[in-house]
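To keep things clear, I will list the structure first and then write my remarks on it.
The values are calculated or read from the model by the stated rules, or taken from the named source; none is laboratory data. Worth saying up front: this structure is predicted, and the values here are computed from it rather than measured. Cβ atoms come from the backbone with ideal geometry, glycine included; neighbour counts cover every protein chain shown. Each accessible area value is taken on the protein alone, full model and side chains, heavy atoms only, with ligands, DNA and RNA left out. Shrake-Rupley method; radii C 1.70, N 1.55, O 1.52, S 1.80 Å.
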Amino acid sequence: MPKRERQEQLALLIKENPFVTDEELMKAFHVSIQTIRLDRLELGIPELRERIKAMAEQSYDQVRSIGPDEVIGEVIDLQLDKSGISIFEIREEHVFLRNRIARGHHIFSQANSLAVAVINDEVALTASADIRFIRTVKLGERVIAKAYVLSLSKGKARVEVKSYVQDDLVFEGRFLIYHSYKERQSEEAMPIAIPGEADEGGLRDADRN
């Protein structure tokens with residue numbers, strides 16, 4: 001492929017998927033890692049870590065319900081009361097020493113903190129969660145969690161989170177989030193049933209915990 005055409009396609013691919021790594025680009029274009037890095041340099045496209053950092057800095061300004069240092073992973077896109085995306089890189093401290101598989105509570109924590117962060121309220125707490133681990137996540141893999149607010153009303157919100165490693169779905173969960181009681185513009189959203197949803201008493205118990 002001619003250099004100019006390759007760079008045009010590379011820029012388009014990164015625009016469509018900002019999380020793509022140099023290694024993945026190398027395989028996609030069948031060139032060396034050095035060629036990909038030179039292409040990025042000529043196009044003025046920063047490396048993945050810098051792209052994630054820039055997106056995270058823009059998103060953190062919007063979070064109201066949780067402190068930036070309390071979010072597991074890096075929030076790189078956030079539309080309050082609608083959707084959010086975070087990235088979590090699995091490192092040595094997140095895995096079992098024997099098999100290098102990520103401990104499940106880290107994957108859950110990323111999804112749970114994102115479900116809370118997406119709520120536009122100063123008080124937001126998890127009341128219940130229906131979760132499923134679909135495949136193991138290993139050392140060095142990058143988990144991309146995507147949260148969507150399914151419904152929002154006075155005092156409670158239902159948030160769905162799906163986590164991926166590349167194109168593989170590795171975790172999914174639906175969270176019932178308790179938040180401050182106040183009027184919401186999206187109150188007319190259709191309610192979506194969540195298995196094991198807490199009743200009003202359950203919400204109070206979760207609040208106390």
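Restricted to the range 1-24, and to residues there that are among the acidic types (Asp, Glu) and more than 25 Å from Glu141 (Cα to Cα), the residue that is surrounded by the fewest Cβ atoms within 10 Å (Cβ to Cβ) is Glu5.
Considering Glu24, Glu42, which residue is assigned to a helix (DSSP H, G or I) and farther than 16 Å from Ile144 by Cβ? Write out each step before concluding.
Working: Glu24 fails: farther than 16 Å from Ile144 by Cβ.
Going through Glu24, Glu42 in turn, the sole match is Glu42.
If the condition is being open to solvent by 20 Å² or more (accessible area, probe 1.4 Å), in a helix (DSSP H, G or I) and in contact (Cβ under 8 Å) with a residue 40 or more places away in the chain, then the range 95-145 contributes Phe108, Asn112.
For residues that are of a type in the set (Val, Ile, Thr) and assigned to a loop (DSSP other than H, G, I, E, B), tally how many sit in the range 27-39. Full working, then the answer.
Of the residues in the range 27-39, the ones of a type in the set (Val, Ile, Thr) are 31, 33, 35-36.
This time we only want the ones that are assigned to a loop (DSSP other than H, G, I, E, B), so: 31.
So the count comes out to 1.
Total residues in the range 62-94 satisfying the condition of being within 17 Å of Val159 (Cβ to Cβ) and assigned to a helix (DSSP H, G or I): the figure is 1. Scanning the range 146-173 for residues that are open to solvent by 60 Å² or more (accessible area, probe 1.4 Å) and farther than 27 Å from Glu16 by Cα yields a single hit, Lys154. Any residue in the range 76-83 that is on the phi < 0 side of the Ramachandran plot and polar (S, T, N, Q)? For the range 76-83, residues on the phi < 0 side of the Ramachandran plot and polar (S, T, N, Q): present. In the set Ile52, Ile66, Ile72, which member is open to solvent by 50 Å² or more (accessible area, probe 1.4 Å), within 25 Å of Glu93 (Cβ to Cβ) and not charged (D, E, K, R)? It is Ile72.
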